[in-house]
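Notes follow the structure.
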Amino acid sequence: MKKKQIRNSLLLVLTALVWGIAFVAQSTGGDAIGPYSFNSIRSIIGSLVLIPVIFLLDRINPLGKRPKTKEEKRTLFLGGFCCGTVLFLASTAQQLGIYYGTSAGKAGFLTACYILLVPVFGLFLKKKCGINIWIGIVIAIAGLYLLCMTDSISFQTSDLMVLLCAVLFALHILVVDHFSPLVDGVRMSCIQFLVCGIWGGFPMVFSDMRQQTFSGWLSALGSLDAWIPILYAGIFSCGVGYTLQIVGQNGLNPTVASMIMSLESVFSVLAGWLILHEVLSTRQLAGCGLIFAAIILAQLPAKKKQIASDAVKENN
């Protein structure tokens, strides 16, 4: 069990790495063809990429989690629909916030605030957290502030959209946490992206295409400025990243999972340093250190007395 938790934690670290690098693709792709078009097309690509993966995994492990009964199939499609719908709402709110003016640093900080919301929402689902996790959350928020907030903390309409996206991403983590132990994660991820892409197709047609005219939209879609970020976001951010999230979250405390995935902000800064040769300030390095410390603290085992107390409460 411990080995599985370590493996899944590492999968979520890899997820954060993929998402951190994808932040630039999300920004440039949305500017090129419109926020709804970018989200819709990349989600459909993410779904298509996973189809051969599903066939390959079925051949490698025929006794895997392939749904066999009508009830299992219904649970799979319900999970994919619910996850895809929440993901569409969350990613659209984030994309609109960035598109209409929220800076990358502020967007990274506001989005990552979902790590504070996950345990709060989890209380309503009777998911308890130890004191080490709550302390870790406070430390992580402080670290994210030092890392991402380079301008004022005043709020505009676009900032409120990103805050809404944080709320929705917290809900997405809890929905994934509910369905991931019940179904095959790769299949649910494939359905999730298809649902997200279909939902995104409606505003793509009625908003992006109308604003640019169809010929202008088609011309923008044919450029490398659009397809390079779309392909990265579709194949890696969607096809790889969200699938790793679904697989990696299985068996982990959702609050701990959200804190690990908040490393997305750290990796986005590190990617800028390594790839774009951006300089990391002392403030940003301190923020990275606080986030790593918070994640380690959150995963430390609770005291035996506390574990015994929680067990008694659950039995009662």
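Computed quantities for the displayed model
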item: Lone qualifier among Gly79, Gly29 - being farther than 25 Å from Tyr232 by Cβ, of a type in the set (Gly, Ala, Ser) and open to solvent by less than 10 Å² (accessible area, probe 1.4 Å); result: Gly79
item: Any hit, region 59-66, residues being modelled with pLDDT of 90 or more and either assigned to a helix (DSSP H, G or I) or not polar (S, T, N, Q) (or both); result: no
item: So Val18, is it under 30 Å from Phe206 (Cβ atoms), touching a Gly at 6+ places or on another chain (Cβ under 6 Å) and either β-branched (Val, Ile, Thr) or surrounded by fewer than 19 Cβ atoms within 10 Å (Cβ to Cβ) (or both); result: no
item: Candidate set: region 129-145, residues that are out of contact with any Gly (no Cβ under 8 Å at 6 or more places or on another chain) and not hydrophobic (A, V, I, L, M, F, W, C); chosen: the one modelled with the highest pLDDT; result: Gly136
item: Per-region count, region 98-129, residues open to solvent by 20 Å² or more (accessible area, probe 1.4 Å) and under 16 Å from Leu174 (Cβ atoms); result: 12
item: Region 221-238: number of residues that are within 12 Å of Ile41 (Cβ to Cβ) and open to solvent by less than 20 Å² (accessible area, probe 1.4 Å); result: 6
item: Filtered residue count, region 164-182, keeping only those that are more than 12 Å from Phe121 (Cα to Cα) and crowded, with 19+ Cβ neighbours inside 10 Å; result: 6
item: Pair list, Cβ < 6 Å and 6+ apart or interchain, from region 30-59 residues that are over 20 Å from Val247 (Cα atoms) to residues that are open to solvent by 10 Å² or more (accessible area, probe 1.4 Å) and charged (D, E, K, R); result: Ala32/Asp225
item: Long-range neighbours under 7 Å by Cβ, at least six apart or interchain, first residue at pLDDT 85 or above within region 213-233, second charged (D, E, K, R); result: Trp217/Asp208; Ile230/Arg42; Ala233/Arg42
item: Flag if Ile191 is more than 17 Å from Ile33 (Cβ to Cβ) and either open to solvent by less than 40 Å² (accessible area, probe 1.4 Å) or acidic (Asp, Glu) (or both); result: yes
item: Selection status of Ser37, open to solvent by less than 40 Å² (accessible area, probe 1.4 Å), modelled with pLDDT of 90 or more and over 18 Å from the mean Cα position of the chain (by Cα); result: yes
item: Test result for Gln95, open to solvent by 10 Å² or more (accessible area, probe 1.4 Å) and polar (S, T, N, Q); result: no
item: Failed item, numbered, when Tyr242 is tested on (1) open to solvent by 50 Å² or more (accessible area, probe 1.4 Å); (2) within 22 Å of Phe88 (Cα to Cα); (3) in contact (Cβ under 8 Å) with a residue 60 or more places away in the chain; result: (1)
item: The listed residue being under 16 Å from the mean Cα position of the chain (by Cα) and more than 23 Å from Ile260 (Cα to Cα), out of Arg59, Arg42, Arg74; result: Arg42
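The values are calculated or read from the model by the stated rules, or taken from the named source; none is laboratory data. As the structure is a prediction and not an experimental result, all values here were calculated from the model. All Cβ positions, glycine included, derive from the backbone under ideal geometry; neighbour counts span all protein chains shown. Just the protein is used for accessible areas: all its heavy atoms, side chains included, with ligands, DNA and RNA removed. Shrake-Rupley method; radii C 1.70, N 1.55, O 1.52, S 1.80 Å.
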